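The values are calculated or read from the model by the stated rules, or taken from the named source; none is laboratory data. No experiment lies behind these values; they were computed from the predicted model shown. Here the Cβ is made from the backbone with ideal geometry for all residues, glycine too, and neighbour counts use every protein chain on show. Protein only, heavy atoms only, side chains kept; ligands, DNA and RNA dropped before computing areas. Shrake-Rupley method; radii C 1.70, N 1.55, O 1.52, S 1.80 Å.
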Amino acid sequence: MYETIQYEVMDGVAVIRMNRPEKFNAFTEQMHKEIISAFKQANKDHNIRSIMLTGAGRAFNAGQDLSDVKGETIDYGGFLRDRYNPMIMQIQQTEKPIIAAVNGVAAGAGMSIALACDIRVASQKASFVNAFVGIGLVPDSGGCYFLPRIVGMGKALELAMTGEKVSAEEAYRIGLVSKVFAPETFEEEAFAYASKLATLPTKAIGLIKRTMYKGMNMNLSETLEYEAFAQEAAGNTRDHKEGIQAFLEKRTPDFTGQ
Ligand code: LHQ
């Protein structure tokens, strides 16, 4: 069904694998469409309770396929509005935890898409390159939004202005990734992490995601009000009742995502 990505479902996890390994999984128009469609599909499917985004082969994603923009006069504003921005908005609006399993280099918009995911885990072989400056461009696809929010303004400006490569170890040190796994076991460990998230109260996680991202752009009283609204919704879920019941019965809760 898809040509530039693979979409697989296992143990409540949708694995979306960008699949143009010979091009370091660089983005094409087709890939944007397919990624958007895959996230929509995963968001709609009640059996899916977490999403792992990863890359086939040596790279995670090297950003825009530069052979597609070479020598042409392209309206980059329109290019972003049509292709990249809807993809980043779809990721943000997907009310399930999204884990970027960064298996290799993530460069340019390939780094931005990892930043737009909720949690990043990396292989020791992974690296991050804010490659835009290297071709005289500005971080896009949410790079100017997420990077300073994740690593702080000083580090974000440094990475964007120099375009220097960040190793997995350094990415962990600056809080860009949450876990680093050995390359030999990376796929299993990243999947185990995503599977663990798929056993948690999915509706509450969706509300956590929405409320926390909204909170970044609201003042305290607005955030308190939004928390009250979100808590009312979470308090009405089956998983909340199960969580309380399990606590009182001193057992592990059996969350179903409802
Ligand atoms: C690629 C690419 C690539 C095609 C590696 N395209 N083939 C928005 C608005 C409008 C226009 C522009 O774009 C954007 C968003 C953006 O993403 S802009 C930023 C675009 N990305 C870059 O500038 C990164 C370019 N790539 C690199 O700097 C390096 O390839 C990295 C650091 C990713 C990896 O370096 P190495 O590990 O040394 O690998 P390599 O350079 O040898 O690449 C491996 C192959 O992948 C190679 O093909 P080949 O046939 O020679 O083996 C590359 O040509 C190909 N490749 N990135 N973006």
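If you average 1/r over every pair of different alpha-carbon atoms in segment 1-146 and take one over that average, what Kirkwood value in Å do you get?
This gives a value of 15.1 Å.
After finding the eigenvalues of the alpha carbon gyration tensor for segment 202-248, what semi-axes result from the square roots of 5 times each, listed largest first in whole Å?
24, 10, 8
Express the accessible area of segment 183-258 per residue in Å², computed with a 1.4 Å probe while the remaining protein chains stay in the model.
I get 65 Å² per residue for this part.
If contacts are Cα pairs under 8 angstrom and at least 6 residues apart, what is the relative contact order of segment 146-204 in percent?
This gives 21 percent for segment 146-204.
Give me the 1.4 Å probe accessible area per residue for segment 23-81, excluding ligands and nucleic acids, in Å².
Here the per-residue accessible area is 49 Å².
Applying a 10 Å radius around every beta-carbon, put 117-123, 99-105, 236-242 in order of their mean neighbour count, most first.
99-105, 117-123, 236-242
What order do you get for 176-183, 9-16 when each peptide is scored by the mean count of other beta carbon atoms within 10 Å, highest first?
By packing density, highest mean first, the sequence is 9-16, 176-183.
Could you work out the mean projected area of the convex hull around the alpha carbons of the chain, in square nanometres to one decimal?
Result: 14.9 nm².
Share of the chain's accessible area from carbon and sulfur, percent, 1.4 Å?
56 percent
Answer rounded, prolate or oblate for segment 14-86, using the Cα gyration tensor with square roots of eigenvalues a ≥ b ≥ c: rounded when a/c is under 1.5, else prolate when a/b is larger than b/c, else oblate.
Note, shape of segment 14-86 comes out oblate.
For segment 1-68 and segment 109-154, what is the separation of their Cα centres, given in Å?
17 Å
On the Cα set of segment 134-258, report Rg and Dmax in Å, please.
19.1, 60
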